[in-house]
1. Can you name every residue in region 46-74 that is acidic (Asp, Glu) and touching a helix residue (DSSP H, G or I) at 6+ places or on another chain (Cβ under 6 Å)?
2. I'm trying to understand the selection: among the residues of region 47-63, which are surrounded by fewer than 18 Cβ atoms within 10 Å (Cβ to Cβ), hydrophobic (A, V, I, L, M, F, W, C) and part of a helix (DSSP H, G or I)?
3. Could you grab me the full set of residues in region 2-31 that are in a helix (DSSP H, G or I), at pLDDT 70 or above and either touching a helix residue (DSSP H, G or I) at 6+ places or on another chain (Cβ under 7 Å) or within 22 Å of PHE77 (Cα to Cα) (or both)?
4. Taking the stated definitions as given, is HIS98 part of a helix (DSSP H, G or I) and touching an Asp or Glu at 6+ places or on another chain (Cβ under 7 Å)?
5. Counting just the residues of region 80-95 that are among the hydrophobic types (A, V, I, L, M, F, W, C) and in a loop (DSSP other than H, G, I, E, B), which one comes out surrounded by the fewest Cβ atoms within 10 Å (Cβ to Cβ)?
6. Considering region 26-39 alone, what residues qualify as being open to solvent by 40 Å² or more (accessible area, probe 1.4 Å), more than 18 Å from PRO67 (Cβ to Cβ) and not β-branched (Val, Ile, Thr)?
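The values are calculated or read from the model by the stated rules, or taken from the named source; none is laboratory data. Everything numeric in this text was worked out from a predicted model, so none of it was measured. Here the Cβ positions follow ideal geometry from the backbone for every residue, glycine too, while neighbour counts run over all protein chains shown. Side chains are part of the model used for accessible areas, which takes the heavy atoms of the whole protein and leaves out ligands, DNA and RNA. Shrake-Rupley method; radii C 1.70, N 1.55, O 1.52, S 1.80 Å.
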Amino acid sequence: IAPRAAPDRRTQEWLTGRHAMGDLFVSGRIVDLILGFTALEGIGLVIYHRMTRRGLDSAEVLSMLLPGICLLLALRFSMTGAWWGWIATSLFASLVTHLADLGRRHARTGVQ
C-alpha cells in the first residue's frame, strides 16, 4: 500500500477547523445558533397563537421544544469537552421532558 500524500492547505484547514464553518463546529457555536433559531420558532408559534387563537398554546409549544433543547445542550456540552455529568443531566432532562410531553398529549386525547 502506497503512503498517503499529505493533505493540501485547504484540506488541512478543514481538518483543523481553521475557517468560519469549522470554527462554528469546533467551538460548539453551531449549537448556539440552532438554539437561537429554536427560540425564535417558539416565540413565533406563541405570537401566532396569541394573535389568531389557532395553533399551539404557550405550554404546548414549551413542552414540544424542551426535549430537543435538552438534546442540543447535551450536544453542546459534548462538543466543548464539558464534564460528563452535564451531558448525562441534559440527556436525562430530555427524557423526562419528552415523557411529560407524551403524558400531556395522551391525557389530552383521553385515550385509554
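1. Passing the criteria: only ASP57.
2. ILE47, MET51, ALA59, LEU62
3. ALA20, MET21, GLY22, ASP23, LEU24, PHE25, VAL26, SER27, ARG29, ILE30, VAL31
4. no
5. TRP83
6. Matches in region 26-39: ARG29, ASP32, LEU33.
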